[in-house]
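Input: a single structure, listed below in structure tokens.
Coordinate-derived values only; no laboratory data. Since the model is a prediction, treat every value here as computed from it, not as a measurement. Note: ideal-geometry Cβ built from the backbone for every residue, glycine included; neighbour counts use all protein chains shown.
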Amino acid sequence: MKFGLLGGTFDPIHLGHLIIAETVREHLKLSKVIFIPAGQPWLKADREITAAEHRLRMVEIAISGNPYFEVSTYEIDKPGPSYSVDTVAYERSRIGPDAELYFIVGCDALAELPRWHEPARLVAMCRLVGVGRPSVPKPKIKALEEAIPGISPRINLLDEPQISISSSEIRERVGAGISIRYLVPPEVEDYIYEHKLYKGQQPDRR
């Protein structure tokens, strides 16, 4: 069986995340895509992140209608900073040694892989799926190979889908009282306003 792992802060989860997960699932014939909300992502230690309980609940709400999606609370439950290599090792132990794991990241994040914690160990445990983003060049495979020998055959690059929605844009829109309809699932939109996340006022939705 083949499983996709899609990590992120999901602050908030949006339709782009869901489109990417479904596209990768179909393209690679994955049995499941596991969404993994971050606990304390060390690469984003410079900004305040919404409480994990809210981010987790928004993911649960967003994926509830898709039987091929599930959520893992490993990074949220784990104290201290979150490292992808530890998460993949945990999922490997939970799912079993015979499963194929595909770690899904944006091409911009893939280009930064040499900066990650224990990248060689990460690559040894899973394949990497680089998803294209608008205006973001593809990572230079040669440079990645020089930094992490043996990585080249373990990378899948997908040109589609090209999604321009971003969580930061959604937070800014909510803060400014601008509609986020059609950027997030309706139930997630309701949750954001109900819990007054991102300190915004609910716009007129008539």
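Rounded to the nearest 0.05, the FRET efficiency derived from the C-beta distance between Leu15 and Arg121 at R0 = 22 Å is 0.10. Based on alpha-carbon atoms, the Kirkwood radius and the radius of gyration of region 2-164 give Rg/Rh equal to 0.93. Could you work out the percent of alpha carbon pairs in region 118-188 separated by over 21 Å, rounded to a whole number? Result for the distance tail: 48 percent. When the listed pairs Lys32/Lys138; Lys2/Lys142; Lys140/Lys196; Lys140/Lys199; Lys78/Lys140; Lys78/Lys142 are checked against a 31 Å cut-off, the alpha-carbon distance exceeds it for Lys140/Lys196; Lys140/Lys199; Lys78/Lys140; Lys78/Lys142.
Extension gain for Arg94-Glu146 works out to 15.6 nm (0.36 nm per residue, less the C-alpha to C-alpha distance).
The distance linking region 134-184 with region 47-120 is 15 Å (Cα centroid to Cα centroid, whole angstrom). Based on DSSP H segments of at least four residues, each scored -39500 (n - 2.57), the chain has a per-residue ellipticity at 222 nm of -10500 deg cm²/dmol. Of the residues Tyr193, Pro137, Ala124, the one whose Cα sits farthest towards the positive end of the charge dipole of the chain is Pro137 (charges of +1 on Lys and Arg Cβ, -1 on Asp and Glu Cβ, taken about the Cα centre).
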